[in-house]
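Structure, as structure tokens:
The values are calculated or read from the model by the stated rules, or taken from the named source; none is laboratory data. These numbers were taken from a predicted model, which means no experiment stands behind them. Methodologically, a virtual Cβ is constructed for each residue, glycine included, from the backbone with ideal geometry; neighbour enumeration extends over all protein chains shown. The accessibility values were calculated without ligands, DNA or RNA, using every heavy atom of the protein model including side chains. Shrake-Rupley method; radii C 1.70, N 1.55, O 1.52, S 1.80 Å.
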Amino acid sequence: MKKTVFPLMSVAVVAALASCADGKDTTKDKRMNIVYIMTDDHAFQAISAYGDQLSKLAPTPNLDRLAKMGVLFQRAYVENSLSTPSRACLMTGLYSHQNGQTMLSNQIDSTVTFIPELMHQAGYQTAVIGKWHMLCEPRGFDTYRVLWDQGEYYNPTFRTENTNGEYVREEGYATHLITQHAIDFMEQRDKDKPFLLYVHHKAPHRPWLPEFKYVDLYDNVEFPMPDTFYDDYATRGAAAHDQRMTIDKDMSMIYDLKLYGMQDYLHYYDTEDMVGYQMGSMNPDEKEKWLAAYEKRNKDFMENYKNWSHDEIVKWKYQRYVRDYLAVIKSVDDSVGEILDYLEANNLVDNTMIVYASDQGFYMGEHGWFDKRFMYEQSFRTPLIIHYPGNKGGTESKALVQNLDFGPTFLDLAGVEQPSNMYGQSIVPVLQKDGAEPEGWRDMLYYHFYDHTAEHNVMRHDGVFGNRYKLIHFYDETGKVPSYEEFYDLEKDPKELNNVIDNPDYKPLIDEYKKLLEDKRKQIGVTEY
């Protein structure tokens, strides 16, 4: 890939920077600050502002507070539902095939310019705190403090621009530490310059280890199972049948559910030392506390499971999964509250765009699944809440937006022209209309998932999604499984249970969407499908 040549900054931005550089700045740079908070695998179903049945029993008051300050997006999506590709998209504003980060294991194209580099050149102070999870150095940042690989929940290790590549252990819970370092950056920054701060949490990534004070938070709550939990995929193709991401068969007793001692119920992902792995970063007192908490919670299962039916065991697994997951979210919600409190106490809210998103969605038992990857709604869709100074707050938006739009949005606020190879759109016009769609706003999104070789065996696929219909094209790079399509009418079938690809009533629409998909591939230069 050729190195992209980016346009010069606007005259106004250059003038503002020059006035700062010669020490004669009397007006200060009034461009908007940006705080971008991103979690890993946060389902929109787990934010109570979205109204899902789960979140009604596990409310998120601080995320709801942010929603009351801004716009709650009902149709926000990703271009590749996987952590590292999603992060690469955020950092570059490019599709996966453009930036090279199509899968977890490959590496981003080193010639691609990062959004923070452009923001830094435009005079913004830039920082990333938390999960990085890409095989490249953080670029374009005044400061960074990033976790090793996925990061540990307890006493994680971080490296900074000053640790000579070494990761240094810090005492505490990852979500809390990331929050404090983010606040430290805002406290210590140059107050005369705008800033771009990425706050990237590890939470609530697998294996969902709660903060100690929340380990038993939902022990007495019985969460309802989704009505699609026992989906038999009757109308779906090979991908839905061959995946390995069911709570029933693929969620492990030890690694995922912390049920140590279950040697007669082991899963392929489990080993004898999985509990030790989870506790590896804990100090002795924390290990004792962790074991005691889970021993108490496991006792009933260990004493009774041999008398339970298969369905009863599956229901127990679901409850354990959801309780731990939502307990981890509780700390995330606390974090959002701390950051909002800081911004309000320091009079920053009126000049700071605050974004809350996830790197993709997540399954909370829908179709019997956990994890993500598919273009089906729960993983394709991401939560998105944005406070934009000047809008009235407490509104919802049905505008189609995608994580490709974050880079153009940040550049828009900085006064930097959007590079021609970025296909995203600045969300600022939507925000300025309190969430309403501006004239000429998009009515179609493209998605592409490549990582068939990863753990959950989800077949490669791409597709297009419009205001009502979704076409998904599945293909096997090995050639062992023939390619095929699925088509969904989300108005009649919002839970995506009825693939109508062979329904003659939909043939004109299907043909239209196949043409749209073909045209989109040509437009953005996709060669694999």
Self-check item: Condition check for Gly440: without any contact (Cβ under 8 Å) to a residue 24 or more places away in the chain and either part of a strand (DSSP E or B) or not hydroxyl-bearing (Ser, Thr, Tyr) (or both)
Solution: yes
All-but-one check, Asn467 against (1) open to solvent by 10 Å² or more (accessible area, probe 1.4 Å); (2) more than 20 Å from Val401 (Cα to Cα); (3) at pLDDT below 95, failing number (2)
Filtering segment 411-434 for residues that are out of contact with any Phe, Trp or Tyr (no Cβ under 8 Å at 6 or more places or on another chain) and either of a type in the set (Gly, Ala, Ser) or within 14 Å of Cys89 (Cα to Cα) (or both) leaves a count of 5
Checked against (1) in a loop (DSSP other than H, G, I, E, B); (2) farther than 20 Å from Arg442 by Cα; (3) without any contact (Cβ under 8 Å) to a residue 40 or more places away in the chain, Glu491 satisfies every condition except (2)
The residue from Thr157, Thr102, Thr84 that alone is in contact (Cβ under 8 Å) with a residue 12 or more places away in the chain and touching a helix residue (DSSP H, G or I) at 6+ places or on another chain (Cβ under 7 Å) is Thr102
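Give Asp285, Asp311, Asp300, Asp333 a once-over and let me know the one that is open to solvent by 40 Å² or more (accessible area, probe 1.4 Å), in a helix (DSSP H, G or I) and under 21 Å from Glu211 (Cα atoms).
Numbers: Asp311 fails: under 21 Å from Glu211 (Cα atoms); Asp300 fails: under 21 Å from Glu211 (Cα atoms); Asp333 fails: open to solvent by 40 Å² or more (accessible area, probe 1.4 Å).
Residue meeting the stated conditions: Asp285.
Quick one: is Gly440 closer than 24 Å to Ser379 by Cα and either touching a strand residue (DSSP E or B) at 6+ places or on another chain (Cβ under 7 Å) or surrounded by fewer than 14 Cβ atoms within 10 Å (Cβ to Cβ) (or both)? Give the steps one after another, and end with the answer.
Details: closer than 24 Å to Ser379 by Cα: no; either touching a strand residue (DSSP E or B) at 6+ places or on another chain (Cβ under 7 Å) or surrounded by fewer than 14 Cβ atoms within 10 Å (Cβ to Cβ) (or both): yes.
No, not satisfied.
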If you go through Tyr294, Tyr318, Tyr305, Tyr255, the only one that is open to solvent by less than 60 Å² (accessible area, probe 1.4 Å) and at pLDDT 95 or above is Tyr318
Scanning segment 181-207 for residues that are at pLDDT below 95 and within 30 Å of Phe370 (Cβ to Cβ), the one surrounded by the fewest Cβ atoms within 10 Å (Cβ to Cβ) turns out to be Arg206
Contact list, first residue from segment 226-247 and farther than 22 Å from Ala43 by Cα, second anywhere and among the hydroxyl-bearing types (Ser, Thr, Tyr) and open to solvent by less than 80 Å² (accessible area, probe 1.4 Å), beta-carbon distance below 8 Å, six or more apart or interchain, is Gly237/Tyr484; Ala238/Tyr484; His241/Tyr233
Within segment 485-529, of all residues that are open to solvent by 90 Å² or more (accessible area, probe 1.4 Å) and touching an Asp or Glu at 6+ places or on another chain (Cβ under 9 Å), the one farthest from Asp462 (Cα to Cα) is Lys495
Listed by first then second residue, the pairs whose first member lies in segment 195-210 and is closer than 29 Å to Ala122 by Cα and in contact (Cβ under 8 Å) with a residue 60 or more places away in the chain, whose partner is open to solvent by 10 Å² or more (accessible area, probe 1.4 Å) and of a type in the set (Lys, Arg), with beta carbons under 9 Å and at least 6 positions apart or on separate chains, are Phe195/Arg189; Leu197/Arg189
Among Val481, Val526, the single one that is over 18 Å from Gly361 (Cβ atoms), over 25 Å from the mean Cα position of the chain (by Cα) and assigned to a loop (DSSP other than H, G, I, E, B) is Val481
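Which ones in segment 381-390 are within 12 Å of Ser358 (Cα to Cα) and over 10 Å from the mean Cα position of the chain (by Cα)? If you could, list the steps in order and put the result at the bottom.
First pass over segment 381-390, keeping only residues within 12 Å of Ser358 (Cα to Cα): 381-385.
Result: Ile385, single match.
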- Task: Test Asp434 against the criterion of being touching a residue at least 60 places away in the same chain (Cβ under 8 Å), under 20 Å from Arg75 (Cα atoms) and open to solvent by 10 Å² or more (accessible area, probe 1.4 Å), and give yes or no.
- Result: yes
Pairing a residue in segment 330-350 that is of a type in the set (S, T, N, Q) with any residue that is assigned to a helix (DSSP H, G or I), where Cβ atoms lie under 6 Å and the two sit 6 or more apart in sequence or on different chains, gives Ser331/Thr175; Ser335/Thr175; Ser335/Thr179
